[in-house]
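See below for the structure under consideration.
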Amino acid sequence: MSTFKALVVEEKSDSSFQRSVKQWPADKLPDHDVLIEVKYSSLNYKDALSASGNKGVTKNYPHIPGIDAAGVVAESSDAQFSPGDKVIVTGYDLGQNTLGGFGQYIRVPSDWIVPLPKNLSLRDSMIMGTAGFTAAIGVNHLRHNNINPNSGDILVTGATGGVGIMAIAILSKLGYKVTAATGKMNQKEFLTDAGATTVIHRDEVQDESSRPLLSSKWAGAIDTVGGIMLDTTLRQTQHNGTVACCGNVLGHELHTNVYPFILRGVHLAGMDSGNCKMELRKKLWRKLANEWKPKNIERLARECSLGELDNEIDRILNGKQVGRVLVNLTD
C-alpha cells in the first residue's frame, strides 16, 4: 500500500481552499503506534470547518479531515492491538491536525483507540460517532445526578443535529419523555420517529426577558446550541435538574444569573467528547453497544461515499443537515 484514497483539502495561492478525492502517499501518515484501515467515518460540524480551511481547527494544509474513524488494525507496534482487531477512534486530535478518517488509512497513538465493543458493528459505531458519544456523555451526566425517566420531561435543543438526534434516540430507548426543540418544524415526523414525545419550535426556548427564573419545565436538558437558548433552559429547569451542554451555535458567551443554581440547585455540566478519559470512553461505548443503542439506528443517518462527501459538507455548513451522515470508505 503505497497510496490510499482520501478527501484532501488544499490551500490555493489565493488563500481559498478546494476539496477533492485523490490518492494520498502512505508515507505521509504521522509516525504513530497503530495503522488502521478505515472502513467507516462520519461527518461532524468540526469536519466541515476543517474541510473549508478554518485555521482554528486545522493549522496546516493539505489535510485530510475526519474526527471519527472505525476500522481494522493493519499494523501495530503496541502489544495491546494486533492486525485484524476492530477499533474505534474519535476525538483527540484526529482530523484536526492529525490526518483523519476521511482517508482509507490513519496512523494514531494507541491510547486514542477504543476496541470495538461486542454487539456493535463498525458501521453502527459510525452512525453514532462523535455525535452519539457526545450525547452519551450528556445522558451519563443526567443519570449521575439521578435524573430518571420518572423525574419529568427532558429537553433536547438543536434536535435535528447529530448530537441532538442521538440524544433523543438514547433517552427514548431508556424510557425518558423527550421534548425536542428545533427550528425545522418540517422535520417533526423524523424527530418523533427518533423517539421525541413532543416537538416544539426553538423560539419557545429563547426568552430574552430579564426575569432571573422562569416557570419550571424540564427535569433535565441536553443543550447543543448554547447562547440564549442555554440561558433560557437553565431558567426553566426544575429543582435539582441537570443541564448538559456542548454547543455554541448561538455564541460562545453565556449571559445568565446565579438564581437557577442557588434557588433551584440546577447542575450545569459540560460535554467534552474530544478528550474524555479512556476509562469513561470505553464504558460509554459499551453502553452504546448494548442498552443505550438506539432503536432503528439506520433511520438516523444517510450514507455517502468519499466522492459524495463534498456536497454533504456544504449542506452542514449551510445549516441544512438533518440527522447523521455516515461515510463509507469500503469501496
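The listed residues are Arg107, Arg143, and the only one of them that is more than 20 Å from the chain's Cα centre (by Cα) and open to solvent by 10 Å² or more (accessible area, probe 1.4 Å) turns out to be Arg107. Only one entry of Gly183, Gly138 meets the criterion of being modelled with pLDDT under 95 and of a type in the set (Gly, Ala, Ser), and that entry is Gly183.
Being of a type in the set (Gly, Ala, Ser), outside any helix (DSSP H, G or I) and either open to solvent by 20 Å² or more (accessible area, probe 1.4 Å) or touching a residue at least 12 places away in the same chain (Cβ under 8 Å) (or both) is a property that does not hold for Ser172. Of the residues examined, Lys320 is not one that is among the charged types (D, E, K, R) and either within 24 Å of Ile137 (Cβ to Cβ) or modelled with pLDDT of 95 or more (or both). For segment 183-202, the tally of residues that are closer than 14 Å to Met166 by Cα and outside any loop (DSSP other than H, G, I, E, B) stands at 5. Suppose the filter is touching a strand residue (DSSP E or B) at 6+ places or on another chain (Cβ under 9 Å), open to solvent by less than 10 Å² (accessible area, probe 1.4 Å) and aromatic (Phe, Trp, Tyr); does Phe81 pass it? Against the criterion (touching a strand residue (DSSP E or B) at 6+ places or on another chain (Cβ under 9 Å), open to solvent by less than 10 Å² (accessible area, probe 1.4 Å) and aromatic (Phe, Trp, Tyr)), Phe81 does not qualify. If the Cβ limit is 8 Å and pairs must be 6+ apart or interchain, which residue in segment 39-56 that is without any contact (Cβ under 8 Å) to a residue 24 or more places away in the chain pairs with which residue that is of a type in the set (Lys, Arg) and open to solvent by less than 10 Å² (accessible area, probe 1.4 Å)? From residues that are without any contact (Cβ under 8 Å) to a residue 24 or more places away in the chain, there are no pairs.
Just one of the listed residues (Thr160, Thr130, Thr134) is part of a loop (DSSP other than H, G, I, E, B), in contact (Cβ under 8 Å) with a residue 40 or more places away in the chain and under 30 Å from Ala69 (Cβ atoms), and it is Thr160. Residues of segment 155-189 that are closer than 17 Å to Lys295 by Cα, in contact with a Ser or Thr (Cβ under 7 Å, 6 or more places away or on another chain) and among the β-branched types (Val, Ile, Thr): Thr160, Val163, Val178.
The values are calculated or read from the model by the stated rules, or taken from the named source; none is laboratory data. Please read these numbers as outputs of a predicted model, since none were measured by experiment. Glycine gets a Cβ as well: all are built from the backbone with ideal geometry, and neighbour counts include every protein chain shown. Side chains included, ligands, DNA and RNA excluded: accessible areas come from the protein's heavy atoms. Shrake-Rupley method; radii C 1.70, N 1.55, O 1.52, S 1.80 Å.
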